[in-house]
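Chemist: Quick one: the structure is below, questions incoming.
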Amino acid sequence: MAPKINSLDHLVLTVANIEKTLEFYVEVFGMRKESFGHVDGTNRHALCFGNQKFNLHQAGEEFEPKADKPTTGAIDLCLLTNDSLETWTEHLGHCGVQIEIGPIDRTGAQGPLRSIYIRDPDANLIEISNQK
């Protein structure tokens, strides 16, 4: 029998502008920005939420090891929330973030979802979802 994975610790977003990305995710999602470990004199950055984080790599200046073809705008991810999508719609409007699609029914890892979709500053697709 193969060993099993328990959960996700972090993922890496390759971004065009780290400061712009930090500002967006802190303002829109309430994530906490963190600086950590220096590599070649460069401070690393992450966005923390729950027990997970997004590590950020500046496009063209990625840390090793890295994805084979790191690029901006290649991520499509789903974030779960307990807040209503109506609350999110209002909040996103205040932040000047346009909803691309939704609310719409989808299927997640643990069952049915109700979702809205937005784009981050690098045009990554971000799905904000309530479990049904």
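Chemist: Leaving ligands, DNA and RNA out of it, report the carbon-plus-sulfur percent of the accessible area of the chain at a 1.4 Å probe. Mind dumping the intermediate values first?
Modeler: Numbers: 4060 of 8400 Å².
Carbon with sulfur: 48 percent of the solvent-accessible area.
Chemist: When only C-alpha pairs under 8 Å and at least 6 residues apart count, what is the relative contact order of segment 8-57, in percent?
Modeler: On the way: 74 pairs, mean separation 22.0, N = 50.
After rounding, I find 44 percent.
Chemist: Now for a separate question. Out of [x] 1.01; [y] 1.05; [z] 1.12, which label holds the value of Cα Rg over 2.2 N^0.38 Å that was computed here?
Modeler: It is the one labelled [z].
Chemist: For the chain, modelled as a GNM with alpha-carbon contacts under 10 angstrom, which of Ala46, Ala109, Ala67 fluctuates the most?
Modeler: Among Ala46, Ala109, Ala67, the largest GNM mean-square fluctuation belongs to Ala109.
Chemist: Which FRET efficiency, nearest 0.05, do Ala2 and His94 yield, Cβ-Cβ r, R0 35 Å?
Modeler: Numbers: r = 47 Å, r/R0 = 1.33.
Once rounded, the FRET efficiency stands at 0.15.
Chemist: Here is a further query. At 1.4 Å probe size, put Arg106, Arg32, Arg44 in order of accessible surface, largest to smallest.
Modeler: On the way: Arg106 95, Arg32 135, Arg44 45 Å².
Accessible-area ranking of Arg106, Arg32, Arg44, largest first: Arg32, Arg106, Arg44.
Chemist: Once you have the Cα-Cα distance between Lys66 and Gln52, take 0.36 nm times their residue separation minus that, and quote the gain in nm to one decimal. Can you show the working numbers first?
Modeler: Details: separation 14, 0.36 × 14 = 5.04 nm, distance 1.88 nm.
Between Lys66 and Gln52, full extension yields 3.2 nm more.
Chemist: Using helices alone, I'd like the mean residue ellipticity at 222 nm for the chain: each DSSP H run of four-plus residues gives -39500 (n - 2.57), total over residue count, nearest 500.
Modeler: Working: 2 runs with 23 residues, N = 132.
Rounded to the nearest 500, it is -5500 deg cm²/dmol.
Chemist: Keeping every protein chain present and rolling a 1.4 Å probe, give me the accessible area per residue for the chain in Å².
Modeler: Details: 8400 Å² over 132 residues.
On a per-residue basis, the chain sits at 64 Å².
The values are calculated or read from the model by the stated rules, or taken from the named source; none is laboratory data. Nothing here was measured: the structure is a model prediction, and the numbers come from that model. Reconstructed Cβ throughout: ideal geometry from the backbone, glycine too, with neighbour counts over all protein chains shown. What goes into the accessible areas is simple: the full protein's heavy atoms, side chains included, and nothing from ligands, DNA or RNA. Shrake-Rupley method; radii C 1.70, N 1.55, O 1.52, S 1.80 Å.
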